[in-house]
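K.L.:
Sharing a structure, written as structure tokens. Questions coming.
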Amino acid sequence: MQRYESAKEMYAKIGIDAEAALKMLGDTTVSVHCWQGDDVGGFDNPSALSGGIQTTGNYPGKARTPEELMADIDKAFSLIPGKKKLNLHASYAIFDGEKADRDAIKPEHFKKWVDFAKERKIGLDFNPTFFSHPLVKDGLTLSSPDENIRRFWVEHGKRCIEISNYFAEETGYPCVMNIWIPDGYKDIPADRLSPRLRFKKSLDEILSVPYDKSKVFVTLESKVFGIGVESYTVGSAEFCLSYSIQNGIVPLMDNGHYHPTELVSDKIPSMLAFSDKIALHITRGVRWDSDHVVLLDDETKEIAKEIVRNNALDRVFIATDYFDASINRISAWVTGVRSVQKALLFALLQPAEKMKKLQDESNFTELMVLSEEMKTMPLGDIWEEFLSRQGIESSYIGSIKEYEEKVLVNRK
Ligand code: RNT
Ligand code: ZN
């Protein structure tokens with residue numbers, strides 16, 4: 001308390017209202033991906049993870065059933081402050097009786113997730129799963145030249161829009177439905193345009209399903225390459241941005257999806273100039289799209305700054321997307337989501353207006369000095385206050401170890 005009061009005063013001296021920052025952070029929702037809990041496994045079929053993404057590591061305690069995954073999410077959520085949503089993939093359908101293939105999944109296969117969300121008063125986001133399935137033919141789904149394959153996946157997309165609508169109706173929270181396809185080629189293709197035109201046609205067909213656009217936000221995620229898909233990706237940045245803008249859906253950027261020197265933080269304001277809403281998958285790529293756990297690092301802070309200083313907290317759908325199987329998975333969730341929130345708090349505690357003014361006055365000397373001074377301000381004390389007001393302990397390793405010993409180690 002004392003530390004908070006003194007930190008608050010320090011911020012007040014440079015014109016920053018820490019209370020207002022805490023309020024804004026408390027009102028910001030982070031959509032937490034369910035797939036950290038089981039290494040992107042899902043429950044709908046035994047196919048290995050495909051699509052050019054990979055989890056590495058074999059830390060004990062991976063969730064094997066919906067019940068285990070739900071328990072783990074509860075554990076993680078109890079250690080994560082602030083507003084949360086749960087982000088599901090279609091592959092997490094729960095079949096009680098007969099299984100339905102991806103082109104035939106229905107809302108009822110997600111009823112248990114809806115019950116889970118309702119009990120916890122949280123919203124649900126959704127993702128069609130265009131990977132880890134035998135009908136991914138030659139690495140292609142919505143862009144496949146095989147009409148049967150393409151149609152199967154279009155049908156999957158349509159079913160997912162219906163499920164997203166159901167999520168929004170039932171939970172009372174809007175649902176963000178993200179389309180990402182792994183389609184691409186390992187080596188230099190002979191034809192780069194036709195697959196993209198087929199993808200475009202498939203998206204048009206999926207989006208022809210009627211849905212409530214005030215409740216379901218369809219996003220389209222771009223990428224530069226995946227493992228085994230090094231030379232060409234159908235859903236490139238230019239393709240996805242252009243399609244989104246032209247068709248009134250929401251562009252989504254994952255900060256692991258570009259060349260290592262390209263920064264999503266710099267892309268955010270460009271997208272905000274053209275799109276009312278944008279969406280993010282916050283991750284940490286180490287040399288490639290490795291999906292390491294998000295940390296409070298420079299790019300995460302820079303992403304947060306671009307959201308906050310452009311007054312865009314209500315225009316950006318913030319989600320996490322990473323999967324590390326080499327460490328305790330609950331800890332991975334907590335560390336990653338808390339890092340996003342800390343970065344947002346860091347951004348909320350910046351004298352943004354003053355800094356903009358310095359830039360406009362070409363006073364780059366003072367801008368640099370002030371930016372550096374901000375880095376050693378007592379952010380941690382404000383963060384601790386955020387946690388303590390919600391009754392969440394700052395240090396979570398003890399709680400996670402206890403859960404590991406009691407629950408996770410028994411999963412053999
Ligand atoms: C893959 C994309 C995609 C997936 C999830 C599981 O590179 O980032 O968002 O990680 O859909
Ligand atoms: Zn992603």
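Read-outs: derived from the displayed coordinates by stated rules, not from any lab. Here the structure is a predicted model, which means the values were calculated and not measured. Every residue, glycine as well, gets a Cβ built from its backbone with ideal geometry; the counts of neighbours run over all protein chains shown.
Let's see how each residue does on (1) more than 29 Å from L252 (Cβ to Cβ); (2) in contact with a helix residue (DSSP H, G or I) (Cβ under 8 Å, 6 or more places away or on another chain):
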{"position": "K13", "(1), (2)": "yes, no"}
{"position": "A21", "(1), (2)": "no, yes"}
{"position": "D27", "(1), (2)": "no, no"}
{"position": "L79", "(1), (2)": "no, yes"}
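K.L.:
Could I ask something else about it? W180: crowded, with 23+ Cβ neighbours inside 10 Å, within 24 Å of D291 (Cβ to Cβ), within 16 Å of ligand 2 (Cβ to nearest atom) and not aliphatic (A, V, I, L, M), yes or no?
P.N.:
Values: crowded, with 23+ Cβ neighbours inside 10 Å: yes; within 24 Å of D291 (Cβ to Cβ): yes; within 16 Å of ligand 2 (Cβ to nearest atom): yes; not aliphatic (A, V, I, L, M): yes.
Yes; evaluated as a whole, the condition is true for this residue.
K.L.:
Can you tell me which residue within region 311-336, out of those that are over 19 Å from F274 (Cα atoms), of a type outside the set (G, A, S) and not in a loop (DSSP other than H, G, I, E, B), is nearest to ligand 1 (Cβ to nearest atom)?
P.N.:
Of region 311-336, the ones over 19 Å from F274 (Cα atoms) are 319-336.
Restricting the remaining residues to those that are of a type outside the set (G, A, S) gives 320-324, 327-330, 333-335.
From what's left, not in a loop (DSSP other than H, G, I, E, B): 320, 329-330, 333-335.
Details: T320: 10, R329: 15, I330: 18, W333: 14, V334: 19, T335: 18 Å.
Checked region 311-336; the qualifying residue nearest to ligand 1 (Cβ to nearest atom) is T320.
K.L.:
Take the residues in region 246-263 that are closer than 25 Å to K158 by Cα and more than 16 Å from ligand 1 (Cβ to nearest atom); name whichever of them is surrounded by the fewest Cβ atoms within 10 Å (Cβ to Cβ). Can you show your working first?
P.N.:
Pass one, region 246-263, residues closer than 25 Å to K158 by Cα: 246-254.
Among the residues that remain, those that are also more than 16 Å from ligand 1 (Cβ to nearest atom) are: 246-248.
Values: Q246: 9, N247: 13, G248: 11.
Applying the filter and picking the extreme gives Q246.
Every residue, every condition in (1) under 25 Å from R151 (Cα atoms); (2) more than 16 Å from ligand 1 (Cβ to nearest atom); (3) among the small types (G, A, S); (4) surrounded by fewer than 22 Cβ atoms within 10 Å (Cβ to Cβ), yes or no:
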{"residue": "P189", "(1), (2), (3), (4)": "yes, yes, no, yes"}
{"residue": "P195", "(1), (2), (3), (4)": "yes, yes, no, no"}
{"residue": "Y211", "(1), (2), (3), (4)": "yes, yes, no, yes"}
{"residue": "G228", "(1), (2), (3), (4)": "yes, no, yes, yes"}
{"residue": "A237", "(1), (2), (3), (4)": "yes, no, yes, yes"}
{"residue": "S244", "(1), (2), (3), (4)": "yes, no, yes, no"}
{"residue": "P269", "(1), (2), (3), (4)": "no, yes, no, yes"}
{"residue": "H281", "(1), (2), (3), (4)": "no, no, no, no"}
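K.L.:
Residue by residue through region 258-310, note down the ones that are part of a loop (DSSP other than H, G, I, E, B) and of a type in the set (D, E). Can you show your working first?
P.N.:
Initial filter on region 258-310 (part of a loop (DSSP other than H, G, I, E, B)): 258-263, 273-277, 283, 285-291, 293-297, 309-310.
Within region 258-310, E262, D276, D289, D291, D297 qualify.
K.L.:
Another question, then. In region 238-257, how many residues are in a helix (DSSP H, G or I) and within 13 Å of ligand 2 (Cβ to nearest atom)? Give the steps one after another, and end with the answer.
P.N.:
From region 238-257, those in a helix (DSSP H, G or I) are 238-247; that's our starting set.
Then drop every residue that is not within 13 Å of ligand 2 (Cβ to nearest atom), which leaves 240.
Residues meeting the conditions: 1.
K.L.:
Is there a residue being within 16 Å of ligand 1 (Cβ to nearest atom), buried (at least 17 other Cβ atoms within 10 Å of the Cβ) and in a helix (DSSP H, G or I) anywhere in region 44-65?
P.N.:
No; the residues of region 44-65 include none that is within 16 Å of ligand 1 (Cβ to nearest atom), buried (at least 17 other Cβ atoms within 10 Å of the Cβ) and in a helix (DSSP H, G or I).
K.L.:
Out of region 157-185, which residues are without any contact (Cβ under 8 Å) to a residue 60 or more places away in the chain, in a loop (DSSP other than H, G, I, E, B) and more than 16 Å from ligand 1 (Cβ to nearest atom)?
P.N.:
G172, P174, listed by residue number.
K.L.:
Which one of these is on the phi > 0 side of the Ramachandran plot and of a type outside the set (F, W, Y): S326, S362, S339? Before the answer, list the steps.
P.N.:
Details: S326 fails: on the phi > 0 side of the Ramachandran plot; S339 fails: on the phi > 0 side of the Ramachandran plot.
Just a single option satisfies the conditions, and that option is S362.
K.L.:
Among the candidates D39, D96, which residue alone is crowded, with 20+ Cβ neighbours inside 10 Å and outside any helix (DSSP H, G or I)?
P.N.:
Numbers: D96 fails: crowded, with 20+ Cβ neighbours inside 10 Å.
Result of the check over D39, D96: D39.
K.L.:
Restricting attention to region 370-383, which residues are surrounded by 12 or more Cβ atoms within 10 Å (Cβ to Cβ) and either over 26 Å from the mean Cα position of the chain (by Cα) or within 19 Å of K83 (Cβ to Cβ) (or both)?
P.N.:
First pass over region 370-383, keeping only residues surrounded by 12 or more Cβ atoms within 10 Å (Cβ to Cβ): 370-371, 374, 377-383.
Hits for region 370-383 are L370, S371, M374, M377, P378, D381, I382, W383.
K.L.:
Which of (1) without any contact (Cβ under 8 Å) to a residue 60 or more places away in the chain; (2) over 17 Å from V340 (Cβ atoms); (3) within 15 Å of ligand 2 (Cβ to nearest atom); (4) surrounded by 18 or more Cβ atoms within 10 Å (Cβ to Cβ) is the odd one out, the single condition W288 does not satisfy?
P.N.:
With (1) without any contact (Cβ under 8 Å) to a residue 60 or more places away in the chain; (2) over 17 Å from V340 (Cβ atoms); (3) within 15 Å of ligand 2 (Cβ to nearest atom); (4) surrounded by 18 or more Cβ atoms within 10 Å (Cβ to Cβ) applied to W288, the lone miss is (4).
K.L.:
While we're on this one: Can you give me the number of residues within region 144-156 that are among the aromatic types (F, W, Y) and within 16 Å of ligand 1 (Cβ to nearest atom)?
P.N.:
Filtering region 144-156 down to residues among the aromatic types (F, W, Y) leaves 152-153.
Filter once more, so that each one left must be within 16 Å of ligand 1 (Cβ to nearest atom): 153.
Residues in region 144-156 being among the aromatic types (F, W, Y) and within 16 Å of ligand 1 (Cβ to nearest atom): 1 in total.
K.L.:
I need the full set of residues from region 294-329 which are surrounded by 19 or more Cβ atoms within 10 Å (Cβ to Cβ), over 15 Å from the mean Cα position of the chain (by Cα) and of a type in the set (S, T, N, Q), in order please.
P.N.:
Residue satisfying the conditions is N328 alone.
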